[in-house]
Amino acid sequence: MIEAVGLTKRYGTRTAVSDLSFTVRPGVVTGFLGPNGAGKSTTMRMLLGLDAPSAGRATVNGRRYAEHPAPLHEVGAMLEARAVHTGRSARNHLLALAATHAIPTSRVDRVIDLVGLREVARKRAGGFSLGMGQRLGIASALLGDPATLILDEPVNGLDPEGILWIRNLLKSLAAEGRTVLVSSHLMSEMALTAEHLIVIGRGRLIADTSVAEFTAGASQGGVRVRTPQAELLTGLLAELVAGRGEVTAEEEPEVLTVTGTDSASIGRLAAEHGVVLYELTPRQASLEEAFMELTKDAVEYGAVAAPAEQVKERVA
């Protein structure tokens, strides 16, 4: 279990993390989200004892990271996959790490196979692609068979097969009862991998909740309706939702978005008038939409859209 209590980190007059408290529990994959500059990297560095907090405390399995006599067996971490001596082979890099904890060579070979680096295990890490470097970083995190994993952007540089592999790996590790904290900017991947979310912005906690509750709370509401009789149904629905909602025709042919009523009422109305329905789906925000809505005021660097005339002029 990972626990942060009142974590604060100041760099001179700048506060990177402010009074941040959360608990990451075993058995589920927890996503750690936030815009650029939110304080995610600083928080993970404090969890691992790489940065000393200005206030508060961070513990893993009841102790500060530095207090664990054999930390690789307690916490597997990957904050920077490229933190490898470029002249060493992948296998020798792992053997050097293993030697610090008396981890047997058989375990080194096992994690090499687990991450799919068997064919390049004796090649220099300096020649690895970004994806291969990520796999080596993950192998390093898994080396001590730890109860807790802290991974920063683990799918960065991986191809679709690699992304599917790491997704299934993280879920299987959590299913074994391990604590898994994963930071990522890929909302679509987090929606498929994480069950719980910790979201921060400008160094402060914004949300600590399940993925389902997070997206439900940001739901845009309304019902998606697809029908070959869109014009007829639009007129009927306009009367139904008058004064409390609206009917909007989407760009996609034969699709309407209806607010101010529910799926059951739309279905009954369509049946009464013999309108054929191909789809009747309550509209719920995606994780990306929910994240953007919740963190819109916590973005450190925001782009300002240029007028279309300026864009055309620059292109020309």
Gap separating the Cα centres of the stretch 236-261 and the stretch 166-224, nearest whole Å: 31
Most mobile of Gly157, Gly39, Gly137 in a GNM of the chain (Cα contacts under 10 Å): Gly157
Additional length obtainable on full extension of the chain from Thr23 to Leu97, 0.36 nm per residue less Cα span: 23.8 nm
Average projected area [Cα convex hull, the stretch 148-283], square nanometres: 11.9
Cβ-based net charge around Leu143, under 10 Å, with every Lys or Arg adding one and every Asp or Glu removing one: +1
Alpha-carbon Debye profile of the chain, log10 I(q)/I(0) at 0.09, 0.15 Å⁻¹: -0.62, -1.15
Fluctuation leader among Arg226, Arg268, Arg82 - the chain, Gaussian network, Cα springs under 10 angstrom: Arg268
Neighbour-count order for Thr193, Thr234, fewest beta carbons within 10 angstrom listed first: Thr234, Thr193
Computed helical MRE - 222 nm, the chain, DSSP H runs ≥ 4 contributing -39500 (n - 2.57), nearest 500: -10500 deg cm²/dmol
Förster radius 22 Å - calculated FRET efficiency between Ser286 and Asp159, Cβ distance, rounded to 0.05: 0.40
Stretchable slack from Leu186 to Thr86, in nm (0.36 nm times residue separation minus alpha-carbon distance): 33.2 nm
Local net charge near Val60, Cβ-Cβ under 10 Å (Lys/Arg +1, Asp/Glu -1): -1
Kyte-Doolittle mean at least 1.6, axial Cα span of 24 Å or more - DSSP H helices of the chain: none
Kirkwood Rh, Cα atoms: Rg over Rh of the stretch 22-132: 1.00
Gaussian network model of the chain, Cα within-10 Å springs - most flexible of Leu237, Leu33, Leu130: Leu237
Aspartates and glutamates with Cα under 17 Å of Lys40, excluding same-chain neighbours fewer than 8 positions away: Glu3, Asp19, Asp51, Glu80, Asp152, Glu153, Asp208, Asp297, Glu300
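How big is the charge dipole of the chain about its Cα centre, in debye rounded to the nearest 20, if each Lys and Arg gets +1 on its Cβ and each Asp and Glu gets -1 on its Cβ?
Dipole size: approximately 1820 debye.
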Range in the chain, longest, excluding exposed chymotrypsin sites (Phe, Trp or Tyr not before Pro) [loop by DSSP; at most 16 other beta-carbon atoms within 10 Å]: 1-277
Cβ-defined net charge surrounding Thr227, 9 Å radius [Lys, Arg +1; Asp, Glu -1]: -1
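Every number in this text was worked out from the coordinates using simple rules, so none of it is lab data. This structure is a prediction, so every number in the text was calculated from the model and none was measured. FYI the Cβ positions are ideal-geometry reconstructions off the backbone, even for glycines, and counts take in every protein chain you see.
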